[in-house]
Amino acid sequence: MPAIDFNVRVTDRDSLDSFADMASTLGFSGIVVPTKGEPPRGFEINNVTIYTRLDIKSTKLGVLKRELGKSRKKYSIIAVPLSEIDIANWAAKEARVDVLTFQPTKTHHNLRGSTARLAAKAGTSFEVSIAPLLNVTGLTRSKLIKEYRESITTACNAGMKVILSSGASTPIQMRSPWALNHIGTLFGLNTQYTEDSISNHTHTLLRENVQKLGDNHIAAGIELVSRGGDE
Amino acid sequence: MKPNRKRYVLFTIHQDGPSFSDKQLASTIWSNLLSLYGEVGIADCKLYINEYDEKTGIGYLQCNASKLEFVITAASLIKTINGTKISFQPTKTSGTIKALGR
């Protein structure tokens, strides 16, 4: 099954075409981008389906809850970066949050075992972007790989699904699904697992979310089949 | 089983900038391999760029079968070669050049 790049940092609508072209060349069937105002159920450019995502970066739980309530129906995917323990734990067990993301910064937060167990119960996935790895070399890269590996091991031990993405901010930073599978081996993931996660798991996640965004969706497992007066 | 089986990798390099030679490509993959896996890890890599077309970015390389994963990983993590931004895309692997061309 063709893969989906779960995190492509497209900044504006104009550059979307070049990202879609690159994704098509590399063999992706879809990409998930953080652009506003696009249809959340996905649209196609150059045979690549474009889905939207929102990364809610908040240091206050109240703001996160409010933003989530406002935005859930406007985006295909809702992501919350790992941060303070109360926010991470709340997001992990919240069914409306699809993925927890690991973004290494100076004040980064590793994935805790307790957060991972809550997320695994709620079906929240753990997303890791490889873009930071491309920007560093030597000892800095070594330390970064160690941090990735620790968080991914915690996620896998708890039963969370790990999704590798490019996190590319330019088309040339994107990597093919096969390259991503191999980069995953640096974090202790086998190529089969990564392949399954970036193709099957991402498709399932997006299909379920798109179904929920439909007019006929009522609740999990309940869907309006026909309306009164329909033939 | 042969002790040193070869593996060939067909690849495409997408680039944003001026082109570079196969020697520059090989040297960048080697330095990335060294940085990621160390001297001992890559001792019997036997990496060679057999063919590389600078215009199309298509080529194939040869390496030891047991180190294939190392080579693809290291090449995939290359960001720039001689200031040119690149994206390494492995396309196909094979035990013979003939099968690679099919």
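Bear in mind that the values in this text are calculations on the coordinates, not laboratory data. For clarity, every value in this text was computed on a predicted model and none was experimentally measured. Positions of Cβ are generated from backbone atoms using ideal geometry, with glycine treated the same way; all protein chains shown enter the neighbour counts.
Annotations
- DSSP beta bridges fully contained in segment A:26-151 are about 20 percent antiparallel.
- Other residues within the sphere of radius under 12 Å centred on the Cβ of A:Ile198, judged by their own Cβ, net out at -2 (K and R +1, D and E -1).
- Its Cα centre serving as origin, chain B has a Cβ charge dipole (Lys and Arg +1, Asp and Glu -1) of approximately 400 debye.
- The A:Asn200 and A:Glu44 beta-carbon pair, evaluated with R₀ = 30 Å, returns a calculated FRET efficiency of approximately 0.90.
- Of interest is the spacing of the C-alpha centroids, which for segment A:171-187 and segment B:59-102 amounts to 12 Å.
- Long-range HN-HN contacts of A:Ser83 with modeled amide H, under 5 Å: A:Ala88
- Computed from the C-alpha gyration tensor, the three semi-axes of the ellipsoid equivalent to chain B are 21, 17, 10 Å, from longest to shortest.
- Restricting segment A:190-231 to trypsin sites (Lys or Arg not before Pro) in coil, as DSSP defines it, with at most 11 other Cβ within 10 Å: A:Arg227
- Placing +1 on each Lys and Arg Cβ and -1 on each Asp and Glu Cβ, with no other charges, gives chain A a dipole about its Cα centre of roughly 920 debye.
- Taking amide H as placed 1.01 Å from N in the peptide plane, the amide H of A:Ser169 sits under 5 Å from that of A:Arg9, each at least 5 places away or on another chain.
- Taking the DSSP beta bridges with both ends in segment A:3-223, the antiparallel portion is around 20 percent.
- Of the trypsin sites (Lys or Arg not before Pro) in segment B:11-78, the ones in a loop by DSSP (not H, G, I, E or B) with at most 16 other beta carbons within 10 Å are B:Lys46, B:Lys55.
- Three semi-axes of the equivalent ellipsoid, the protein assembly as shown, Cα gyration tensor, whole Å, largest first: 37, 23, 18
- Sequence of A:Thr204, B:Thr73 once ranked by neighbouring C-beta atoms within 10 Å, starting from the fewest: A:Thr204, B:Thr73
- Karplus-based coupling profile of segment A:180-193, in residue order and whole Hz: 4, 4, 6, 5, x, 5, 5, 9, x, 8, 7, 4, 5, 4, with θ = phi - 60° in 6.51 cos²θ - 1.76 cosθ + 1.60 and x standing for Gly or Pro.
- ³J(HN,Hα) computed for each position of segment A:110-127 - Karplus, 6.51 cos²θ - 1.76 cosθ + 1.60, integer Hz, glycine/proline x: 6, 6, 8, x, 5, 5, 5, 5, 4, 5, 4, 5, 7, x, 7, 8, 10, 10
- Mean ellipticity per residue at 222 nm, deg cm²/dmol - from DSSP H runs of n ≥ 4 across chain A, formula -39500 (n - 2.57): -12000 deg cm²/dmol
- Qualifying GluC sites (Glu not before Pro) for segment A:1-99 [loop in DSSP, other Cβ within 10 Å: at most 15]: A:Glu84
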